[in-house]
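To start, the structure itself, in structure tokens.
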Amino acid sequence: MKLSSRSLSAAVTAQLAVAVFSFASAAQTTKTPPPAAKQPAHEHEGIEETPTNLKVLPKDFTGEQVHQIMHKWEAQLGVKCSTCHAADPKLKGPNGRPRLNFADDSKEEKRNARVMYQMTEDINKNYVARIENSGDPVTCGTCHRGHLDPEPFKAPKEEHDHDRPDGPPPAGQKPTQPQ
């Protein structure tokens with residue numbers, strides 16, 4: 001049986017089509033495992049979602065804005081996120097440890113942080129802003145300077161001339177004459 005060039009060409013084309021279709025079908029039916037879900041590199045990655053439970057920060061802040069403020073506070077207070085935020089044993093981080101529940105209000109430190117934030121905002125708005133050329137605003141770091149509890153202020157010891165009182169003499173006494 002002799003094939004004409006036209007029928008030979010049609011047969012080759014048909015075989016080629018069957019081969020391509022078979023290859024495409026096999027590729028579709030071979031299930032490749034889906035790529036593994038990307039695990040965050042650290043526990044904070046991916047928390048930039050819309051924040052919830054904002055009570056003193058502006059409600060329209062994005063997750064990124066809140067995250068930036070929290071990192072500033074961490075540095076100014078010398079603390080970690082877990083100082084104010086409670087761990088949620090139901091949510092596991094990439095390291096297998098519980099993730100922090102940022103909306104939870106159970107820790108006293110978080111409540112204190114809100115009060116302190118309101119205090120600094122009040123100082124800046126109602127006092128610092130009233131002083132011309134007052135410079136930098138008050139922040140957590142103004143008092144805390146990298147410590148959770150601010151270090152008590154101790155006035156430097158100065159040498160005083162105790163023989164010469166500052167200011168006018170008490171009523172009825174004559175000023176002391178310099179020697």
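The values are calculated or read from the model by the stated rules, or taken from the named source; none is laboratory data. Keep in mind the model is a prediction, meaning the values are calculated, not measured. Heads up, the Cβs are rebuilt from the backbone with ideal geometry, glycines too, and the neighbour counts pull from every protein chain shown.
Laid out as a table, the results:
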read-out	value
Single unsatisfied condition, V128 versus (1) touching an Asp or Glu at 6+ places or on another chain (Cβ under 9 Å); (2) touching a residue at least 12 places away in the same chain (Cβ under 8 Å)	(2)
Members of the stretch 62-89 that are within 11 Å of L148 (Cα to Cα), among the hydrophobic types (A, V, I, L, M, F, W, C) and in a helix (DSSP H, G or I)	W73, A75, L77
Qualifying residue in the stretch 90-108 (condition: assigned to a loop (DSSP other than H, G, I, E, B), of a type outside the set (A, V, I, L, M) and under 15 Å from the mean Cα position of the chain (by Cα))	yes
Residue that is surrounded by the fewest Cβ atoms within 10 Å (Cβ to Cβ), among those in the stretch 111-149 that are under 19 Å from the mean Cα position of the chain (by Cα) and assigned to a loop (DSSP other than H, G, I, E, B)	L148
Single condition D163 does not satisfy, out of (1) at pLDDT below 95; (2) under 55 Å from the mean Cα position of the chain (by Cα)	(2)
